[in-house]
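Asks: Structure in structure tokens, see below.
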Amino acid sequence: MMTIGGAASLVGISVRTLHHWDAIGLVVPSGRTTAGYRVYSDADVARIHRVLVYRELGIALSGIAAVLDDPTADPQEHLRRQRAELTEQIDRLQGMLKAVDRMLDAGGKGIRLTPEQQSEIFGASWRTEWVDEAEQRWSGTPQWSQYAERAAARTPDDWRDLTTEVESFNTDLAAAFRAGTTPGSLDANTLAERHRATIAEHFDCTHAMQVCMARNFTPEYYDHLAPGLTIWLRAAINANAATHGLDPETARWE
């Protein structure tokens, strides 16, 4: 038999925790000394270990008690289930670790292209300092983390493909505007979704985020393709968002 202090030290938890588990009936020590002190048997300690495993899996204490006290429960099946969930957690953490490694490999900025490659792929008007400015503004946000991770994994050919997609979208966008396409029409909504898809290549973009971005559009964004196109695209984005149940006037970055 083991005192409460000895049991707590053995499993790496506090005496206070064991007192709490005793009070709620989760782990009740099997015996007491003649002086009335709690003492734990080997079976009690084994139960503590099982509680700790379930707790690490995120199961509430009430749920753990239900599992451990179920007379029809198969201990081996519970262990297999625990192992499967732990394996899933390990896989998820390994994926996160690889993502962090890719971001570190990219120097935090994501684009693994030389200045010459950036100019060749993105065009003569591209400025490498734009990445630094974006990092200063958005660093630390979930969207920047996604951008940096995805950018770090891309090859020069991947960037060329993305640039080609954007150029194709811009061509179709300007053509629709010149043809008098009405914001809110099926064709305009399709273009609004294509615009959102180009953003989603870099980070997950909701309709609300797209609307918030469109609020900050200035003429140099799209008016070089056709005068007035920037305002038209903003209207198309807002109309498309409305069809998805979003009020463009109250949309927030979420």
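Asks: Name the pairs: first residue in region 168-194 and more than 15 Å from A235 (Cα to Cα) and in the same structural domain as P227 (by TED's automatic domain parsing), second residue part of a helix (DSSP H, G or I) and of a type outside the set (F, W, Y), Cβ to Cβ under 7 Å, at least 6 apart or on different chains?
Replies: Short answer, once both residue conditions are applied: F169/R194; F169/H195; F169/T198; D172/L191.
Asks: Moving to a separate point now. Would you mind telling me which numbered condition in (1) surrounded by 15 or more Cβ atoms within 10 Å (Cβ to Cβ); (2) under 19 Å from D69 (Cα atoms) V28 fails?
Replies: (1)
Asks: Find all pairs meeting these conditions: Cβ atoms under 6 angstrom apart; at least six residues apart or on different chains; first residue within region 64-87 and assigned by TED's automatic domain parsing to the domain that holds R47; second residue surrounded by 13 or more Cβ atoms within 10 Å (Cβ to Cβ).
Replies: Every condition considered, the pairs that remain are I64/V51; I64/Y54; A65/L26.
Asks: Within region 229-245, is even one residue part of a loop (DSSP other than H, G, I, E, B) and either closer than 24 Å to W144 by Cβ or in contact (Cβ under 8 Å) with a residue 40 or more places away in the chain (or both)? Quick ask: steps written out before the conclusion?
Replies: Initially, region 229-245 is screened for residues part of a loop (DSSP other than H, G, I, E, B), giving 244-245.
Still in the running and either closer than 24 Å to W144 by Cβ or in contact (Cβ under 8 Å) with a residue 40 or more places away in the chain (or both): none.
Scanning region 229-245, I find no residue that is part of a loop (DSSP other than H, G, I, E, B) and either closer than 24 Å to W144 by Cβ or in contact (Cβ under 8 Å) with a residue 40 or more places away in the chain (or both), so the answer is no.
Asks: Does region 199-222 hold any residues that are exposed (fewer than 15 other Cβ atoms within 10 Å of the Cβ) and over 20 Å from T243 (Cα atoms), and which are they?
Replies: N216, T218, P219, E220
Asks: Being exposed (fewer than 13 other Cβ atoms within 10 Å of the Cβ) and under 26 Å from the mean Cα position of the chain (by Cα) is the requirement here; does P142 meet it? Explain how you work it out, then say what you get.
Replies: Details: exposed (fewer than 13 other Cβ atoms within 10 Å of the Cβ): yes; under 26 Å from the mean Cα position of the chain (by Cα): yes.
Yes.
Asks: Filtering region 58-86 down to residues that are in contact with a helix residue (DSSP H, G or I) (Cβ under 8 Å, 6 or more places away or on another chain) and within 27 Å of G5 (Cβ to Cβ), which residue is surrounded by the most Cβ atoms within 10 Å (Cβ to Cβ)?
Replies: Looking at the filtered set, the residue picked out is I64.
Asks: Please work out if L225 is among the hydrophobic types (A, V, I, L, M, F, W, C) and surrounded by 19 or more Cβ atoms within 10 Å (Cβ to Cβ). Before you say what the answer is, go through the steps one by one.
Replies: Details: among the hydrophobic types (A, V, I, L, M, F, W, C): yes; surrounded by 19 or more Cβ atoms within 10 Å (Cβ to Cβ): no.
Spelling it out, it is not the case that L225 is among the hydrophobic types (A, V, I, L, M, F, W, C) and surrounded by 19 or more Cβ atoms within 10 Å (Cβ to Cβ).
Asks: Can you confirm whether W159 is loosely packed, with under 14 Cβ neighbours inside 10 Å, within 18 Å of Y147 (Cβ to Cβ) and not acidic (D, E)? Can you show your working first?
Replies: Working: loosely packed, with under 14 Cβ neighbours inside 10 Å: no; within 18 Å of Y147 (Cβ to Cβ): yes; not acidic (D, E): yes.
Taking the combined requirement at face value, the residue does not satisfy it.
Asks: Being closer than 25 Å to Q89 by Cα and touching a residue at least 40 places away in the same chain (Cβ under 8 Å): is that true of A46 here?
Replies: Details: closer than 25 Å to Q89 by Cα: yes; touching a residue at least 40 places away in the same chain (Cβ under 8 Å): no.
Spelling it out, it is not the case that A46 is closer than 25 Å to Q89 by Cα and touching a residue at least 40 places away in the same chain (Cβ under 8 Å).
Asks: The conditions are (1) assigned to a helix (DSSP H, G or I); (2) over 21 Å from A179 (Cβ atoms); (3) in contact with a helix residue (DSSP H, G or I) (Cβ under 7 Å, 6 or more places away or on another chain), and E254 fails exactly one of them. Which is it?
Replies: (1)
The values are calculated or read from the model by the stated rules, or taken from the named source; none is laboratory data. These numbers were taken from a predicted model, which means no experiment stands behind them. All Cβ positions, even for glycine, are placed from backbone atoms using ideal geometry, and neighbour counts span all protein chains on display.
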